[in-house]
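Just below is one structure, and these are the notes that go with it.
The values are calculated or read from the model by the stated rules, or taken from the named source; none is laboratory data. These numbers come from a predicted model, not from an experiment. Here the Cβ positions follow ideal geometry from the backbone for every residue, glycine too, while neighbour counts run over all protein chains shown. These area figures cover heavy atoms from the full protein model, side chains too; ligands, DNA and RNA do not enter into them. Shrake-Rupley method; radii C 1.70, N 1.55, O 1.52, S 1.80 Å.
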Amino acid sequence: GVYSFTTTFFKTLADLKPTHVAIVFDPPGPTFRDEQYAEYKATRDRMPEDLSTALPYVFSLLEAFRIPVLRVEGWEADDVIGTLALSAEGAGMTTYMVTPDKDFAQLVTPKTLLYRPGRAGKPAELLGEEDVLAKWKIKRVDQIIDLLGLMGDTSDNVPGVPGIGEKTAQ
């Protein structure tokens, strides 16, 4: 886990050459989404033990590199990343949200891009607005919210509309 994180982290730094970096993790415990919808992520497997035992080493590594690690109680890492990206954009910065999570496509703008690290032999993807529109066959980035709502999200145990898949949602 530590090796995989580190190699992905260094590859991302080499690819994007950022001027600022922060790493965001989910905090322990429930978030406001768990309170709003008890079944949220109920079907998701628990974090593998080898990964949970690796996290303290990842945190130590990041501390040694003086990389800020953020965990905000009651909020998912997704929420914190989105907030940071919008704040940075407001300050005129270009931001790269580094995550494989498709939910982040809804936040892509000309100054906020989605970088999906390569996995399982696939190359990394850098998605801007035009890429998001083409990939999901939509006209506006904010339609990602409706698209995912209609389709549902099995990884988060969020039901979609029965009988609606990606094609119909588009």
State which residue pairs qualify: first residue farther than 20 Å from Met93 by Cβ and inside region 1-20, second residue assigned to a helix (DSSP H, G or I) and among the aliphatic types (A, V, I, L, M) in any location, beta carbons under 6 Å apart, and separation of 6 or more residues or different chains.
-> Gly1/Leu51; Gly1/Ala54; Val2/Ala54; Val2/Val58; Phe5/Val58
Restricting the search to region 82-97, which residues are modelled with pLDDT of 95 or more and under 9 Å from the mean Cα position of the chain (by Cα)?
-> Met97
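Give the residues of region 109-136 that are assigned to a loop (DSSP other than H, G, I, E, B) and surrounded by fewer than 13 Cβ atoms within 10 Å (Cβ to Cβ), sorted by residue number.
If the condition is that a residue be assigned to a loop (DSSP other than H, G, I, E, B) and surrounded by fewer than 13 Cβ atoms within 10 Å (Cβ to Cβ), then Pro110, Arg119, Ala120, Gly121, Lys122, Pro123 are the ones that fit.
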Selection within region 124-170 - among the charged types (D, E, K, R) and in contact (Cβ under 8 Å) with a residue 60 or more places away in the chain = Asp156
In region 147-159, what residues are open to solvent by less than 30 Å² (accessible area, probe 1.4 Å) and modelled with pLDDT under 80?
-> Gly152, Asp153, Asp156
Residues of region 66-97 being open to solvent by 50 Å² or more (accessible area, probe 1.4 Å), outside any loop (DSSP other than H, G, I, E, B) and touching a helix residue (DSSP H, G or I) at 6+ places or on another chain (Cβ under 6 Å), in sequence order, are Val69, Leu70, Tyr96
All-but-one check, Thr8 against (1) in a loop (DSSP other than H, G, I, E, B); (2) in contact with a Pro (Cβ under 9 Å, 6 or more places away or on another chain); (3) on the phi < 0 side of the Ramachandran plot; (4) modelled with pLDDT of 85 or more, failing number (1)
What number of residues in region 12-30 are touching a strand residue (DSSP E or B) at 6+ places or on another chain (Cβ under 7 Å) and of a type outside the set (A, V, I, L, M)?
-> 3
